[in-house]
1. Given the criterion more than 11 Å from the chain's Cα centre (by Cα), modelled with pLDDT of 95 or more, of a type in the set (D, E) and on the phi < 0 side of the Ramachandran plot, identify the matching residue among D68, D55.
2. Being under 14 Å from A101 (Cβ atoms), assigned to a strand (DSSP E or B) and not small (G, A, S) is the filter here, so list the residues in region 10-29 that pass it.
3. Quick check on this structure: which one of K117, K106, K86, K98 is open to solvent by less than 50 Å² (accessible area, probe 1.4 Å) and among the basic types (K, R)?
4. Suppose we filter V32, V7 for residues that are among the hydrophobic types (A, V, I, L, M, F, W, C), open to solvent by 60 Å² or more (accessible area, probe 1.4 Å), part of a strand (DSSP E or B) and on the phi < 0 side of the Ramachandran plot; which single one remains?
5. Taking region 38-78 as the search range and keeping residues that are part of a helix (DSSP H, G or I) and of a type in the set (F, W, Y), which one is surrounded by the fewest Cβ atoms within 10 Å (Cβ to Cβ)?
Amino acid sequence: MDKIKIVDLKLPARHGVYQFEKKKDEIFELDVELSINLEKPGRSDKLIDTVDYSDVVNFISSIFITNDYNLIESAGENICQELLKKYPIEQVLLRIRKPHAPIREKFKTVEVELIRK
């Protein structure tokens, strides 16, 4: 299956279970893979025949930034379901990273990955 990928989208938000996480924006990192047949736009060379990834980025941003979630799992589920409703895609794979998660030990990032059809 063909894919449209958006890699390392950085969005500010206040997601987390602790009150101090909701007081200031932190940067989250998102990867999105949209499974879609790209044969028609590949032949026509017309934006109308595909999914406009600029629109997808704006759509994801509005969902992610507007709502304050306790869990990135919940943010991810909402984004996946809304993408499947709005766009003619067969599957979405979404990764959300929280490199600033409140964990004392050293780590690079924490990440959730959701796959929805």
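The values are calculated or read from the model by the stated rules, or taken from the named source; none is laboratory data. Here the structure is a predicted model, which is why all the values come from computation and not from measurement. Cβ: placed from backbone, ideal geometry, glycine included. Neighbour counts: every protein chain shown. Accessible surface is based on the protein model in full, side chains and every heavy atom, while ligands, DNA and RNA are left aside. Shrake-Rupley method; radii C 1.70, N 1.55, O 1.52, S 1.80 Å.
1. Only one candidate qualifies: D55.
2. Listed by number, the residues that qualify are E26, I27, F28, E29.
3. Exactly one of K117, K106, K86, K98 is open to solvent by less than 50 Å² (accessible area, probe 1.4 Å) and among the basic types (K, R), namely K98.
4. Matching residue, one of V32, V7: V7.
5. Step by step, filter region 38-78, then rank; the result is Y53.
Here's the yes/no breakdown for (1) touching a Gly at 6+ places or on another chain (Cβ under 7 Å); (2) under 18 Å from E77 (Cα atoms); (3) hydrophobic (A, V, I, L, M, F, W, C):
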{"residue": "I6", "(1), (2), (3)": "no, yes, yes"}
{"residue": "A13", "(1), (2), (3)": "no, yes, yes"}
{"residue": "F20", "(1), (2), (3)": "no, no, yes"}
{"residue": "I27", "(1), (2), (3)": "no, no, yes"}
{"residue": "D31", "(1), (2), (3)": "no, yes, no"}
{"residue": "K40", "(1), (2), (3)": "no, no, no"}
{"residue": "R43", "(1), (2), (3)": "no, no, no"}
{"residue": "K46", "(1), (2), (3)": "no, no, no"}
